[in-house]
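> Once you've had a glance at the structure underneath, I'll fire off some questions.
Quick note: the coordinates plus some simple rules give every number you see, no bench work behind them. Everything quoted here is computed from the prediction, not taken from an experiment. Cβ: placed from backbone, ideal geometry, glycine included. Neighbour counts: every protein chain shown.
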Amino acid sequence: MPELPEAETIRRSLEKLVIGKTIEQVWYSGLPLRSKKINITPIKNETIVEVKRWGKNIFLVGEKQNLLVNLGMSGKLLWNKKEKHTHVILVFKDGYLSFTDPRRFGYLHITRPYIPKEPPDPLLTKNWDLYNLSSKMVIKNLLLSGKRVIGIGNIYANEALWLAKISPFKKSSLLTKQEADRLKKAIIRVLKEAIKDRGTTLKDFCDCFGVKGTHQNNLYVYNRQGNNCLDCGTKIEKRYLSRRSTFFCPACQL
Ligand SMILES: [Zn+2]
């Protein structure tokens, strides 16, 4: 958390706030983010022309350089609001954008004015697939690894596997062509549905205006253990897989 739909929700709110505006001041708390100190001072005086996303990464695209923002586990970008764990503030003429992150797994850094296109983004790349995987990982862990396609975290991996009727414990290399195609379609569908709902707020996810998502009310299996499968009525089970909570229908997802 946040995953691709949450990053996209933030990107859309940022578009309304910073395009055409210049970063006039930069403030940094000096504390390490993802265990490293950052240097984003050179982004000062950059004018933002676009806001882009690749996977879970958000790019404030400037004329000469980009500022990459990765929200990690608990990062937030807030407009005109400072919280206890604010680590970066970008000051614009008419307001400021703060980066707040209690766990400090998120980070910011300056990149050249292009966006790397690998690994594929499930919504922005056309030709990607999950077929012919040589990996020994089970399919759910492969999705989370970001090796074949990026942006999918624990919530949407569970959701997509249920929709595609594939067991999260199935070995990646055993996926048939049909299953791989079904899973790709399911991933695209769950991500688009979540974007429509402006993300999933389990704890404190919100966009730059502080508005929470609503997709937590429309989840198929995530957090629904003990409730009936929406397709067949069997009770949804919860198990741990590599210490991540895994929700599935034992009847539909054989
Ligand atoms: Zn079922």
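> Helix 154-164 versus the longest principal axis of the chain: what angle, 0 to 90°, nearest 10, using Cα atoms?
Helix 154-164 and the main axis of the chain meet at about 40 degrees.
> Given +1 on the Cβ of Lys and Arg, -1 on the Cβ of Asp and Glu, and no further charges, what dipole in debye does region 139-248 carry about its Cα centre, rounded to the nearest 20? Write out the running numbers ahead of the final one.
Numbers: 22 positive and 9 negative charges, 80 e Å.
It comes to approximately 380 debye.
> Would you please state the base-10 log of I(q)/I(0) at q = 0.10 1/Å for the chain, with intensities from the Debye formula using one equal scatterer on every alpha carbon?
Once normalised to I(0) and log-transformed, intensities are -0.51.
> Now a separate question. Could you line up L191, L71, L161 from fewest to most neighbouring Cβ atoms inside 10 Å?
Details: L191 22, L71 25, L161 28.
So the ranking, lowest neighbour count to highest, is L191, L71, L161.
> Sort D204, D121 so the one with the fewest other Cβ atoms within 10 Å of its own Cβ comes first. Spell out each step's value before the answer.
Values: D204 12, D121 20.
Least to most surrounded, the residues fall as D204, D121.
> While we're on this one: Any chance you could give the angle, 0 to 90 degrees and rounded to 10, that helix 177-196 forms with the longest Cα principal axis of the chain?
It is inclined by approximately 40 degrees.
> Right, next: Quick one: what are the phi-derived ³J(HN,Hα) couplings along region 220-229, Karplus 6.51/-1.76/1.60 with θ = phi - 60°, whole Hz, x for glycine and proline?
7, 10, 4, 6, 10, 4, x, 8, 6, 4
> Next up: Using only Cα atoms, tell me the angle between helix 4-18 and the longest principal axis of the chain; keep it within 0 to 90° and round to the nearest 10.
20 degrees
> Identify, among I115, H85, W128, the residue whose Cα sits farthest towards the positive end of the charge dipole of region 74-132, taking +1 on the Cβ of Lys and Arg and -1 on the Cβ of Asp and Glu, with the dipole about the Cα centre.
Of the candidates, H85 comes out farthest on the positive side.
> What ranking of E193, E6 emerges when the number of other C-beta atoms within 10 Å of each C-beta is taken as an exposure proxy, fewest first? Intermediate results must be reported in sequence, preceding the final value.
Numbers: E193 17, E6 27.
The order, fewest Cβ neighbours first, is E193, E6.
> Can you tell me the FRET efficiency between E63 and K136 if r is taken as the Cβ-Cβ distance and R0 is 35 Å, rounded to the nearest 0.05? Before the final figure, lay out each step's value.
On the way: r = 46 Å, r/R0 = 1.30.
For R0 = 35 Å, the calculated efficiency reads 0.15.
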